[in-house]
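For reference, the structure is listed below as structure tokens.
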Amino acid sequence: MAVAEEGPAPGGAADLDVVIPAYNESARLPQTLRETVPFLAELPWRTRVIVVDNGSVDGTAAAAVDAARQVDHRVTVDVIGCSRPGKGAAVRRGILAGRAPLVGFFDADLATPLQTLPTAVAALRDGAAAVIASRHVPGASFVHAQPFTRRLGGHVFRALSGSLVHGVADTQCGFKFFQRAAVRAALVRTRTTGFAFDVELLARIQRDGGEVVELPVAWTDRAGSTFHPVRDGVASYKAVLALHGGVR
């Protein structure tokens with residue numbers, strides 16, 4: 001299985017494309033695929049998993065390809081590359097590589113339970129343009145909470161992004177699914193490539209008239225995140241501030 005840098009992901013037609021952006025995730029990604037693929041295989045629709053290796057230097061792509069060979073083949077797993085840095089760039093690459101009418105992404109750490117997915121698909125089929133997991137709406141809980149510094153940074157980030165994405169309590173939970181037509185229309189105008197990508201994408205979907213639905217989840221903080229509170233946090237704050245007057 002080759003890692004493609006350009007063009008659509010290989011494989012047949014699917015009802016749902018699941019994108020997993022991955023940067024230096026060789027340790028966690030194989031287990032994620034071993035848990036995810038059997039779960040998806042039992043759902044009543046056809047699913048393709050698209051792993052996007054975002055310039056990793058730890059053998060993430062090779063680990064993903066090896067794991068893909070060992071899981072349930074009722075679900076297609078494709079591994080593609082994205083040389084442009086940033087989670088947003090990787091998600092964009094994965095979304096645009098597929099063709100399924102429903103598409104979305106979740107993080108390689110499975111912090112959001114896989115059981116959230118059928119509820120998300122049901123909401124999309126009921127007409128929502130975007131369905132996102134949320135840690136900050138009634139009914140949500142933290143199985144393992146983030147460290148205090150991450151929680152404080154998240155509070156500041158939510159305060160900055162609240163006026164951009166209206167009525168949404170948690171723009172940053174790494175589990176988001178969309179109607180393809182809605183997300184593609186927003187993506188062609190989205191310029192952010194880092195961790196603030198989610199804010200711009202959701203803001204553009206709302207400005208296009210799309211409904212964003214939040215689902216409360218029992219979320220687990222996982223060790224091993226590549227997010228750096230200072231380096232990535234400061235860059236994210238700057239990107240969100242730049243969006244205040246840049247999202248049209």
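The values are calculated or read from the model by the stated rules, or taken from the named source; none is laboratory data. Predicted model only: the values in this text are computed from it and were never measured. Neighbour counts run over all protein chains shown; Cβ positions are idealised from the backbone, glycine included. With ligands, DNA and RNA removed, areas are computed over all heavy atoms of the protein, side chains included. Shrake-Rupley method; radii C 1.70, N 1.55, O 1.52, S 1.80 Å.
Of the GluC sites (Glu not before Pro) in the stretch 15-94, the ones in a loop by DSSP (not H, G, I, E or B) with at most 16 other beta carbons within 10 Å are E42.
Taking all Cα pairs closer than 8 Å and separated by 6 or more residues, the relative contact order of the stretch 1-128 comes to 37 percent. Per-residue SASA remark: R189, around 80 Å² accessible (1.4 Å probe; ligands, DNA and RNA not included).
Which net charge results for the neighbourhood of R69, defined as the other residues with beta-carbon distances under 13 angstrom from its beta-carbon, given Lys and Arg at +1 and Asp and Glu at -1? Net charge in that neighbourhood comes out at -2. With protein chains left intact and a 1.4 Å probe, residues in the stretch 32-142 average 38 Å² of accessible area per residue.
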